[in-house]
1. Is there a pair in Lys109/Lys318; Lys258/Lys323; Lys108/Lys238; Lys238/Lys276; Lys238/Lys302 whose C-alpha atoms are over 32 Å apart, and which pairs would that be?
2. From the square roots a ≥ b ≥ c of the eigenvalues of the alpha-carbon gyration tensor of the range 2-117, which class results: rounded (a/c under 1.5), prolate (a/b over b/c), or oblate?
3. Along each of its three principal axes, how wide is the spread of alpha-carbon positions in the range 22-73, in whole angstrom units, largest first?
4. Which of rounded, prolate or oblate describes the range 130-256 when judged by the alpha-carbon gyration tensor and an a/c cut-off of 1.5?
5. In nm, to one decimal, how far is the Glu213 label point from the Phe234 one, both placed 7 Å along Cα→Cβ?
6. Give the whole-number value, in cubic angstrom per residue, of the convex hull volume spanned by the C-alpha atoms of the range 258-324.
7. Tally Lys and Arg at +1 and Asp and Glu at -1 over the other residues with C-beta under 11 Å from the C-beta of Gln162: what net charge comes out?
8. Calculate, in nm to one decimal, what Ile224 and Val105 gain on full extension: separation in residues at 0.36 nm each, minus their alpha carbon distance.
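Please treat every number below as a calculation from the coordinates, not as lab data. Only a predicted model underlies this, so the values are computations on that prediction, with no experimental measurement involved. Virtual Cβ from ideal backbone geometry, glycine too; neighbours counted across all protein chains shown.
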Amino acid sequence: MGLDLIFVRAFFVLILALTAFLLHPAQLSPWIFAAGGLVLGGGIIYFEIRLEKVSLTRLIGAAVGSVLGIAGAFLMSLVLEKALPGMPFLPVCLLLWMTYVGLVVGAKKGDMLNLAALGGVFGGEKNSQKSFKILDTSVIIDGRIADIAETGFLDGVLVIPQFVLRELQLVADSADSMKRNRGRRGLDILQRIQKMTNLAVQIVEEDFPHVREVDMKLIELAKIYDCKVVTNDFNLNKVAQLHGVEVLNINELANSLKPIVLPGETMRVFILKEGKEYNQGVAYLDDGTMVVVDNAKRLISKTIDVTVTSVLQTTAGKMIFGKYDERLHGAGAAGHDRAVRKPEPPAAAGVAAIEKSTIES
C-alpha cells in the first residue's frame, strides 16, 4: 500500500509538470513552467501528508470556519463596493484575511466538538482522543517514563506541551547545579523518547496566557483534548482528579509492581539509620521501600531478620513495619553454633584415646 501511494504521488507530480510544460500560458521557456509544476506538485503532496495527521474534529472545524469567513467577507465586500467604489483590491484582501482567520480559529476550536454524540462513523473519533497522554515536567525529569515506553505498555500519542518544554529549558539554564542537571536529564529523556519508532510524540503549541501555574495549564489542556495526564506529582494528581481529569501516576504504577509482603513473614534487611520513634531502626529494600523496625536502634549497620507486623500502602509510596525478635535471632544463632560444634565429639574422643594410651604406657 505504501509503494502504491508513492507511485500515485509521483505520477501526479509528473502529470502536473507535463501539463505545465505543454500548456505554458506566457511567452517564457516551457521548462520554467515544468519546474513550477514540479514545485507545485511537491507542495500539494506535502499539504496532503500534513492533512492526514489532523483529527476529524479539526478538519470539520477548519472547514466550517473557512466557509463562515468567506461568507462574512462576501457580505462585507458588498458594503465596501458601495462605500468605496473603484478599489477591487480591498475585497480580495478582505476575502483572504477572513478565510485565513476562519480556517485557523475553526481548526483550533474544532477539538471541542463532540462527534461521538452523532454516532455512526463519528462515534470512534472521540475514543481516539483518549489515546493522547500529556507528559508532566516531573515525569519527564524522573526518567522512568522512557523505560515504560520501551516495554510497549504505552500506546497512542505522547503529547508534550510547549510550556512544559519552556519550563524544562528554564530548569536546564538554572544557576543551581542540581536543578541544571535535572533539566538536562529531562531534555535527554525527551530525545530518547522521540527516537522510539513504536511511539508517536507530538509537541503542541496550545497555551493559556491567563493561567500562570503549569499544573493548571496541563489540566486545561487535558480538558480540551479529553486525554490523560502522566505525572508523578502527588499534588497534581489530586487537583486533576478534582477537575475530572484522568491521571496516570508513575508512582502508583511502581507501587503496584512491588512484591507483596504479608504480616507474619520474615525478611532480611540491613539497618541503615535510626528511626523517629524510640528504639526504632530504618532499612530500605532494593526498590526503595522503607522498612521501619522496632527494637533495632542498637543494630545499625547490621543485617538482621525481622518479622513483618503491618504494611502501609499510600499513593505516595509503601511502608513496611517490622519487629526485631531477639529470641528468634538468638535461636537462629544457637542453631548456627550447634551446627558449628557438631564435629567436636569425634575430636574430643580422639583426645581421650590419646590420654588413655599415655596412661597405660
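1. Details: Lys109/Lys318 43 Å; Lys258/Lys323 21 Å; Lys108/Lys238 28 Å; Lys238/Lys276 28 Å; Lys238/Lys302 39 Å.
The pairs that break the limit, which is 32 Å between Cα atoms, are Lys109/Lys318; Lys238/Lys302.
2. On the way: a/c = 4.14, a/b = 1.19, b/c = 3.47.
Oblate.
3. Projected onto its principal axes, the Cα set of the range 22-73 covers 44, 29, 11 Å.
4. On the way: a/c = 1.34, a/b = 1.05, b/c = 1.27.
Taking the square roots of the gyration eigenvalues as a ≥ b ≥ c, the range 130-256 is rounded.
5. Each label point lies 7 Å from its Cα, and together they span 1.6 nm.
6. Working: hull volume 5.3 nm³, N = 67.
Per residue, the Cα convex hull of the range 258-324 comes to 80 Å³.
7. Working: positive: Arg166, Lys217; negative: Glu167, Glu205, Glu206, Asp207.
Summing Lys and Arg as +1 and Asp and Glu as -1 gives -2.
8. Details: separation 119, 0.36 × 119 = 42.84 nm, distance 1.44 nm.
Result: 41.4 nm gained on full extension.
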